[in-house]
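Q: Take a look at this one; I'll ask things after.
The values are calculated or read from the model by the stated rules, or taken from the named source; none is laboratory data. Note that the coordinates shown come from a computational prediction; the quantities given were computed from them, not determined experimentally. A quick note on method: Cβ atoms are made from the backbone with ideal geometry, for glycine too, and the neighbour counts reach across all protein chains shown. These area figures cover heavy atoms from the full protein model, side chains too; ligands, DNA and RNA do not enter into them. Shrake-Rupley method; radii C 1.70, N 1.55, O 1.52, S 1.80 Å.
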Amino acid sequence: MPAPLPLFAPDALHALEARGTARLDGDAFALMARAGQAAWRCVLKHWPQARRIVVACGPGNNGGDGYVLARHAREAGRDVRVLRVAEPASPLAQRACAEYRAAGGAITDALGEADLIVDALFGIGLSRAPEAATAALIEAIHAHRAPVLALDVPSGIDAARGSAPGAAVRADCTLQFLARHRGLRTGAALDHCGELELATLDLPADVFEGLAPAALAFRADALAGFFPLRPRDTHKGRNGHVLCVGGEAGSGGAILLAVQAALRCGAGLATVATRAAHVPALLARCPEAMAHAVEDVAQLDALLGRADVVAIGPGLGQGAWGRALFERVLACDKPRVFDAEALSLLAASGAMLRPDDVVTPHPGEAARLLGTTTAEVQRDRFAAVAALQARWGGVAVLKGAGTLVQAPGVPPVVLCAGNPGMGTGGMGDLLTGVVAALHGQGFTPRDAAVAGALLHAAAGDAAAREDGERGLLPSDLLPWLRRLANPMRR
């Protein structure tokens, strides 16, 4: 697996602050000064022509960072005003405010005209909805036409979970201090952060040593590390035989998408077990698939015996036919990828999975598997994916904005790819085939889930760049799955 980006929770970031302060001879204000300077450099990088700057400062140290930035901007000749929601409460913020005021800095109670708004209201510690007055200010920032820079975290976003308990700032850029924040890579946070940047505040590398990340992140540029060139003497028998099970009457397209994705991701062989009515159309669309009419569950046994991995769920349904096939697959000894209706049947069965199994629920399916609500899953996606893995075993993939992968005994993985255009029926069926194909090619269950979900999301991004997100179809991703799974050949 290629090297990921480490992500940290607020407790680790507080520990980094303490280490950084100790390295600066116990001078905590020196660290705040560096943060403010880094924020000013970020302004100069992105908005060098901004003359009128409003800095919204909260009472804590995040507000203190804002006061330092405001002082630098004023000293550079910019028209700067600080809009504060409360008097500075922490000693560091009080000192930063005093230095800003001593430099002739102005305090205002309204946004007014601005070329740039800086959000320095709250830092990483806020996990509740902002109070009414602050929420009103956040809404006023939304209504303003100026771009927004958020310091450390967009105010109102939970830096640990990625959720927005109430009103939250929508930034064009978020400058994280010291280390990357776990909660800014998934869920509601993705609509609020804008471009993410990092300022380590010039601390030496050893300050960061020994600090365990709360999650790991992969971007699309990591794909090449998952897909080395194949040996010249390879053959179909070495590249995995995937059996795709599903396609109840009226849902044949779902299982077709799954098997096409498996083949486009390099499966050596791909078999489909589906309703007889779907076989002619499936072969017409995908002659490379070995399509079998399975009307009786006994017909599935020979197909299971030849497969290396089973993908079950797309279009399966929850009727008698789907339940019978699910129960037979649940009893087999092959690695399995469960999705769609197979997840609902799994939830009803209560069966535990094996270590080489993978489940790929969206938030609604995850809620059924956990006996909770979709809103609760989305409130803390990290907790939800951990609970899925602990309750059911195997490897859990929680789909959605900032897809998460949880394997036993290791930090969760966040995948930094994908777009809203992928919110279309059939996208999950593709992912089922992708993960099964990689699993069959010898990827570990975790690597198959991580690389498969990343490949799927990156293919969605590539397809959206061609013609836009709206109207994006699952089949639009198929050529990109092949291209991106062959980075060394391009």
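Q: Run the reach check for LYS236 against lysines, Cα to Cα strictly under 19 Å, same-chain hits fewer than 8 apart removed. What comes back?
A: Of all the lysines, those that pass the test against LYS236 - Cα under 19 Å, at least 8 places apart if same chain - are LYS334.
Q: Could you work out the relative contact order of region 119-218? I mean the mean sequence separation of Cα pairs under 8 Å and 6+ apart, divided by the number of residues, in percent. The partial results should precede the final answer.
A: Numbers: 186 pairs, mean separation 24.7, N = 100.
The value is 25 percent.
Q: Rank-order 473-479, 234-240 by packing density, defined as the average count of other C-beta atoms within 10 Å over each peptide's residues, highest first.
A: Numbers: 473-479: 19.4, 234-240: 13.7.
Averaged packing, sorted descending, gives the order 473-479, 234-240.
Q: Loop only by DSSP, 10 or fewer other Cβ within 10 Å of the Cβ. Give me the trypsin sites (Lys or Arg not before Pro) in region 135-182 that pass, ordered by residue number. Before the final figure, lay out each step's value.
A: Working: sites: ARG145, ARG161, ARG170, ARG180, ARG182; in loops: ARG145, ARG161, ARG170, ARG180.
Sparse-neighbourhood loop trypsin sites (Lys or Arg not before Pro): ARG145.
Q: Let me ask something else. Quick one: accessible area per residue over region 340-482, 1.4 Å probe, rounded to a whole number of Å²? The partial results should precede the final answer.
A: Numbers: 4850 Å² over 143 residues.
Normalised by residue count, the accessible surface of region 340-482 is 34 Å².
Q: Going toward the positive end of the dipole of the chain, with +1 on Lys and Arg Cβ and -1 on Asp and Glu Cβ, which of CYS193, ALA277, ALA215 do you reach last?
A: Sorting the options by dipole projection puts first ALA277.
Q: Charges at C-beta only: +1 for Lys and Arg, -1 for Asp and Glu. How large is the resulting dipole of region 193-288 about its Cα centre, in Debye rounded to 20?
A: On the way: 8 positive and 9 negative charges, 194 e Å.
The dipole magnitude comes to about 920 debye.
Q: Another question, if that's okay. Testing the spin-label approximation: label points 7 Å from Cα along Cα→Cβ at HIS142 and ALA390. State their distance in nm.
A: Roughly 3.4 nm, to one decimal.
Q: While we're here: Tell me, what is the 1.4 Å probe accessible area of ARG391, in Å² to the nearest 10?
A: Here the residue's solvent-accessible area equals roughly 100 Å².
Q: A further question follows. I'd like to know which of GLN260, GLY66, ALA407 lies farthest towards the positive end of the charge dipole of the chain, counting +1 on Cβ of Lys and Arg and -1 on Cβ of Asp and Glu.
A: GLN260
Q: Tell me, what is the percent relative contact order of the chain, built from C-alpha pairs under 8 Å that lie six or more residues apart? Present the calculation step by step, with values, prior to reporting the outcome.
A: On the way: 1105 pairs, mean separation 64.6, N = 490.
Worked out over the chain, it gives 13 percent.
Q: For region 327-375, which whole-number percentage of the solvent-accessible area (1.4 Å probe, protein heavy atoms only) is attributable to carbon and sulfur atoms?
A: The value for region 327-375 is 56 percent carbon and sulfur by accessible area.
Q: Still on this model: Taking every Cα atom in the chain, find the radius of gyration and the maximum pairwise distance Dmax, and write them in Å.
A: Cα only, the chain: 25.6, 84 Å (Rg, Dmax).
Q: Still on this model: Once you charge only the Cβ atoms, +1 for Lys and Arg and -1 for Asp and Glu, what is the size of the charge dipole of region 64-192 about its Cα centre, to the nearest 20 debye?
A: Values: 14 positive and 15 negative charges, 66 e Å.
Result for region 64-192 is approximately 320 debye, rounded to the nearest 20.
Q: Cut-off under 16 Å on the C-alpha distance; same-chain residues fewer than 8 positions from LYS45 excluded. Which lysines are left, in chain and number order?
A: none
Q: Report the GluC sites (Glu not before Pro) located in region 28-119 that are in a DSSP loop and have at most 15 other Cβ atoms inside 10 Å of their Cβ, or state none.
A: Values: sites: GLU75, GLU99, GLU113; in loops: GLU113.
Hits after loop and neighbour filter: GLU113.
Q: Right, next: Kirkwood Rh, region 94-222, all Cα pairs: how many Å?
A: Numbers: mean 1/r = 0.0623 Å⁻¹.
Answer for region 94-222: a Kirkwood hydrodynamic radius of 16.1 Å.
Q: Order GLU295, GLU466, most accessible first, counting only protein heavy atoms with a 1.4 angstrom probe. Kindly include the intermediate steps, with their values, before the conclusion.
A: Working: GLU295 90, GLU466 110 Å².
If we order GLU295, GLU466 from most to least accessible, we get GLU466, GLU295.
Q: Among GLY36, GLY237, CYS57, whose Cα projects farthest towards the positive end of the dipole of the chain, with charges put on the beta-carbon of Lys, Arg (+1) and Asp, Glu (-1)?
A: So the residue we want is GLY237.
Q: Okay, next question. Just how large is the dipole of the chain about the Cα centre, in debye to the nearest 20, putting +1 at every Lys and Arg Cβ and -1 at every Asp and Glu Cβ? Working shown, then result.
A: Working: 47 positive and 48 negative charges, 153 e Å.
With Lys and Arg at +1 and Asp and Glu at -1, about 740 debye.
Q: Continuing with the same structure: Given a 1.4 angstrom probe, what's the average accessible area per residue across region 101-163, in square angstrom?
A: 39 Å²
Q: Pull up the DSSP beta bridges for the chain and report the antiparallel fraction as a percent, rounded to 5.
A: On the way: 8 of 58 bridges.
Among the beta bridges of the chain, antiparallel pairing accounts for roughly 15 percent.
Q: Also, quick follow-up: What FRET efficiency would be calculated for the residue pair ARG128, GLN94, taking the C-beta separation as r and a Förster radius of 35 Å, to the nearest 0.05?
A: Working: r = 24 Å, r/R0 = 0.68.
That gives a FRET efficiency of 0.90.
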